[in-house]
Structure formats: C-alpha cells, structure tokens
Amino acid sequence: MNKTVFIKKDRTNSLIAPRSFYVHVLAVAVPIMIQNGITNLVGMLDNLMVGQLSTEAMSGVSIVNQLLFVFYLCIFGGLAGIGIFSAQFWGKKDLKGMQYTMRAKMILAFALTIIGLFVLYVFRYYLIGMFLHEGADTGNLDETLRYAISYLLVMYAGLLPMAITNVYASTLRESGQTVVPMTAGIIAVIVNLIGNYILIYGKFGAPTLGVTGAALATVISRFVEMIIVVSWTHSNPDKNPYIKGCYNSFYVPKDLVYKFIVKGAPLLANEALWSIGTTMLVQCYSVRGLNAVAALNISNTLANVFNIVFIAMGSATSILLGQELGAGRLKGAKLYAFRLTAFSVILSSISGLLLFIVAPVFPDLYNTTDQIKDIALGLLRVSAICMPLYAFTNSAYFTIRSGGKTFITFLFDSCFCWIVSFPVAYVLSRYTSMPLVYMYLTVQSMDLLKSVIGFIIVMRGKWIHDLTAYAKG
C-alpha cells in the first residue's frame, strides 16, 4: 500500500477505520512488538535465571537495572527529540535533512554516555543504597549491595554500544525500516540468553560467575546488536541513501541545531525526569523492605512482556503521524490519531486480560519466599487492570510529540509524575502503613487524571504542524 495516499483514500470520519488502516498500522507496529516482545521474554528468562540464585542476587540486579533504566530513557528521549525531525524529513524525502539528524544523534549519544558513566561510577554506592531499607523481612542488605556493585561494574561496558545501536535503529524505524532493528534485537537477545546460561551457571567448562556472568552476557549481546545494525545500514545505501557521506563531516545547520534544542531539550528533560521519577517511585516502594524490591522485580519482569503492545503502538503512532505531518497531510491527522489510540486501547485490553490470567503462575517460578510471591501476584493484577489506561496515556503522549509539542509532553509526562504520582507515593510510603499492593494501585490510578488531560490536549489539535522547513546552505 502506498503510504503517501493513506489518509487521502479514507474520507470517512468514523473512529472505526477501514481494514487498510489496521493493515498499515500493524505493518509498522508488529515488527516493533516482536523485537520488544522477544527482548522482554528473554529478559524474563534472564531474570528467572538470576532469581534461581537467591533473593539478594535478584534484588541487586533489579536495583542496578532500575538505575540503568534512567540512562536508557535519557538516550531514548534525546534521540527521539531529534527523531521527530527524522520521521518528517523522511516523509519529505529530504536526505540532507536525514544526514543532519543522524549526525546530531551520534554527537548526543556520545555526550550522554560520558555523563552516564560518570554519574553511575562516582555515585554508585549512594544510588544503590537508596533502595536498601530494613523491613519486615530477613533479606541481607550487605549481600544485596555486593551483588549490585559486581553487576554494575561489568554493565558499564555496554552503555556505549547500546547508545550507538539506538542511533541507527531509531533512524531506521523512522524511515520505515523496522525489520532490521527487530532482527538484530532478536539475535542479540538469543546471544544474551545463551550467554546467561553458560556464564551464570558455569556450563560447557565456563566459570560459574553468577550475577557477573549475567552482566557479561548482556554486554556481549549489546556489541552483537550494534555490529549487525551498523554494518547493515552502511552496506545497504540503496535502502538508506542518507548514509552515503553522512560522516564526511559533522556539520549541522545552526538553525536546525536550534530547532533540535528547542524541540528536543524538553523531550530529553522529560525522559530524564520521568525515568528518575519512576525510579523514585520504586525507591518509595522499597521503604517497605527487600521483599518489596523483590516482588516489584518479579511483577515488572512479566508485566514488561505484556506492555509491548501499547509501547509498540506508541512508537507506531509517533512514526506514522510524523510521516503524515511531514508530507503535509495535516487535515486528517486528528482522526488518524484517535483511530490509533482506539486501536491501541483495544489491543492493550486483550493484553491485560491475558496478563491477569497467567499472573498466578509466574511468581512460583522464582526461588524466593511465599510472601514475596503473594505480593508479586497482587502487583501483577494491578498492572493487568490498568493496561488500557496505560495505552491511552501512552498514545496521547506520542501523538502530541509527533507534532513537536515537546514542552507540552514534558508537562504532561514528567511534571505529572513529579507533581502528582511521586508525592502520593512518598506520603503513603512514609506516613502510612498501607500494604505495597494497595499503595501501588493508588499511585497507578492517578493516570486516570492524566488520561483526561491527554484527551483534551489531543482534541484541541494544537500539536498538528510540520517541523521540517529549515534554511539550506
């Protein structure tokens, strides 16, 4: 199907779209779902392997991954701010503009990696210690800290290849090449899974490295993924014409740099503050003790597998709306956005139902206490019930972002987290004895207010405009 006439062919105003709409959306979303799904599935198996060692090992790895999550989201947010332009440049078939965005992404990725390494190394004991609290459990906090530090020291080596991979993979997706990042991701997670089995447990003559082996396997998989994505992009200039001569210089027009900063800085700040805010929510929950950390780890591991639906639909929304806006087809964008949102909510409702059904089985796979398993089950049920709500707010966020309204997304996302969600979690964790599951449900229900705000912003349509005009020279 010709993407350039997609909206023009559909002149109806119904929220229920023609069949061609769903085929077009799924063509973009399904490869992202598959990649994210396999990544999270193997991540789940990885987590289960570590979970067989001890509660302390599992909790130590979970804490470090929560900290690394902040770095990953900063990379994602920084590149996505520039990626708004990439999607629209590709819609215009402006190859020079694509080169400018590619160069800017690479510079930003290196800068963020240096900053991330500095913070995670210098403040590693303080950051990990934030999550270690005495509670109504018997977990060994010193042992948990030791596992966390040994895991983090190896994971440093994987930050740069992860950043470079995202520069290339995000650009490929924004130009419609979703299969290659998916394939690279699948190969990488298989390498990670095999590496985990060998290095965690010392199979095939390898040393038994425990959590250090898990980190080493992850780092190896990061390099494998980077090599695949980078080499394919450069060896297929016919499919990626912007890559020819892309690094002959790192020149980017000043007016475009200014646009990147104006549109991208709020998005980077948003992802940074949102990820930090989410991490602080986990820190609030951790006040309930090591049991809470372990239960959240188990719950998030399975929930992430089912979250792929609304996450992939969010990415598809950003890409498809960006291409439509860049091509100048602004009239039908609002209807297009609501159809994408409705489709995401429907798919996510099905995903949430499936999560609710399988939730009772999953915690029993871990080598941990019955109390932790019961808490994890309660958390999983909350996540399942809230899945349609997550889908709606996620779609609203990516819709607003597709038109470059990044300051609004900053207010909508991270400011909401810090002004509403975090204060609620802080008060409940410090000044009440509310059980973790009910605390978690209360905090997640705050997204009802967020969904109302998102609906109003999308309805007003102020996000609909073309960003790609720039002074050439």
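Residues in the range 350-377 that are crowded, with 21+ Cβ neighbours inside 10 Å and in contact with a Gly (Cβ under 8 Å, 6 or more places away or on another chain): Tyr366, Thr368.
Total residues in the range 205-262 satisfying the condition of being closer than 26 Å to Thr55 by Cβ and either without any contact (Cβ under 8 Å) to a residue 60 or more places away in the chain or in a helix (DSSP H, G or I) (or both): the figure is 14. Of the set (1) buried (at least 23 other Cβ atoms within 10 Å of the Cβ); (2) within 30 Å of Phe89 (Cβ to Cβ), all apply to Cys415 but (1). Of the residues that make up the range 459-466, is at least one modelled with pLDDT under 85 and in a helix (DSSP H, G or I)? Scanning the range 459-466 turns up at least one residue that is modelled with pLDDT under 85 and in a helix (DSSP H, G or I).
Would you check which residues across the range 85-123 are among the basic types (Lys, Arg), in contact (Cβ under 8 Å) with a residue 12 or more places away in the chain and farther than 14 Å from Pro253 by Cβ and list them? Lys92, Lys105, listed by residue number. Take the conditions (1) at pLDDT 80 or above; (2) among the aliphatic types (A, V, I, L, M); (3) over 25 Å from Tyr247 (Cα atoms); Ile115 misses just one of them, which is (3). Evaluating Gly77 against the criteria (1) within 23 Å of the chain's Cα centre (by Cα); (2) surrounded by fewer than 23 Cβ atoms within 10 Å (Cβ to Cβ); (3) at pLDDT below 85 leaves one unmet condition, (2). The criterion of at least 2 residues that are free of Cβ contacts under 8 Å to residues at least 60 places away in the same chain is met, among helices (runs of 4 or more DSSP H) falling completely within the range 318-419, by 333-358, 370-402. Only one entry of Leu159, Leu112, Leu145 meets the criterion of being over 21 Å from the mean Cα position of the chain (by Cα) and of a type outside the set (S, T, N, Q), and that entry is Leu145. When Ile38, Ile7 are checked against the criterion of being in a helix (DSSP H, G or I), modelled with pLDDT under 85, of a type in the set (A, V, I, L, M, F, W, C) and within 29 Å of Ala376 (Cβ to Cβ), Ile38 stands alone in meeting it. Does Ala292 count as part of a helix (DSSP H, G or I) and surrounded by 21 or more Cβ atoms within 10 Å (Cβ to Cβ)? Against the criterion (part of a helix (DSSP H, G or I) and surrounded by 21 or more Cβ atoms within 10 Å (Cβ to Cβ)), Ala292 qualifies.
The values are calculated or read from the model by the stated rules, or taken from the named source; none is laboratory data. Predicted, not measured: the structure shown is a model, and the values here were computed from it. Here Cβ is always computed from backbone atoms with ideal geometry, including for glycine, and neighbour counts include all displayed protein chains.
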